[in-house]
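Okay, structure first, notes after.
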Amino acid sequence: MAGAVGRPRKNSPRRRGSTAREEILDASAELFTTQGFATTSTHQIADAVGIRQASLYYHFPSKTEIFLTLLKSTIAPSTTLAGDLEALDASASMRLWALVAAETRLLLSTRWNIGRLYQLPVAGSEEFAEYHAQRTELREIFRSLAAEIVGEDDPRIDLPFHIAMSVIEMRHNDGVVPAPLSDEELPATTIMLADAALDVLHVELPGNRVARTLELIKKVS
């Protein structure tokens, strides 16, 4: 039947998502974050979505590719934003604040705490070298911005990145989105952590930082 190729369902949809791909990612995020990578099978993922196992491979060639897609989704948008920040006529402190805010906002916007996936042993595998390269790139951007403020030799330049990542330990993994994405406001936790990232560098907080960050995010999106 037209439109059914690659995605015959065993029953009605069970997951959130406007496409089968999104539903697969939602189910995988839950299973990977609650029971790990090794103990999650493609059969379990397909069953959680309500599709045949063979249909899952129409959207993803392997469980590894699903895992990589989820990993990259936690940092790719912020890496892209960081590139736009370079062209922004703003101080290093404003750019760093915006980057911390953007990354924490992203990690609070998902149903499942996928930021924790990088902590799983399998995430260190060479199979995920692409993710590690992106994560290293993002971390270096954080360091570079902090170095503009306090100097390259200051050991605190690593702290803003770790402060941003601390949001992973602060949120729940219960299928409830802690802070849905909004064009009008930033989550309170995001503001707190972005402020803390500058406070640890002993730098004054930029004026109108929330509105300026939202404006930048809107332009990028």
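Things worth noting here:
- Options Thr104, Thr110; residue that is surrounded by 21 or more Cβ atoms within 10 Å (Cβ to Cβ) and outside any helix (DSSP H, G or I): Thr110
- Answer from Leu31, Leu117 - the residue that is at pLDDT 95 or above, at negative phi, assigned by the TED database to the domain that holds Met165 and in a helix (DSSP H, G or I): Leu117
- Residue match in region 31-51 (condition: closer than 30 Å to Ala196 by Cβ, surrounded by fewer than 21 Cβ atoms within 10 Å (Cβ to Cβ) and in contact (Cβ under 8 Å) with a residue 12 or more places away in the chain): yes
- Of all residues in region 180-221, those being hydrophobic (A, V, I, L, M, F, W, C), surrounded by fewer than 17 Cβ atoms within 10 Å (Cβ to Cβ) and under 30 Å from Pro155 (Cβ atoms) number 6.
- Scope region 172-205; condition farther than 13 Å from Ser109 by Cα and touching a Lys or Arg at 6+ places or on another chain (Cβ under 7 Å); matching residues: Val200, Leu201
- Within region 105-156, tally of residues that are touching a residue at least 24 places away in the same chain (Cβ under 8 Å), aliphatic (A, V, I, L, M) and over 15 Å from Phe37 (Cβ atoms): 9
- Residues that are farther than 16 Å from Ile114 by Cα and within 17 Å of the chain's Cα centre (by Cα) within region 23-80 comprise Thr79, Thr80, listed in sequence order.
- The residue that is farthest from Thr110 (Cα to Cα), counting only those in region 33-52 that are of a type in the set (A, V, I, L, M, F, W, C) and touching a helix residue (DSSP H, G or I) at 6+ places or on another chain (Cβ under 6 Å), is Ala46.
- Test result for Leu205, in a helix (DSSP H, G or I) and either at pLDDT 95 or above or closer than 17 Å to Ala92 by Cα (or both): no
The values are calculated or read from the model by the stated rules, or taken from the named source; none is laboratory data. Predicted model only: the values in this text are computed from it and were never measured. Cβ coordinates were reconstructed from backbone atoms using ideal geometry, including for glycine residues, and neighbour counts include every protein chain displayed.
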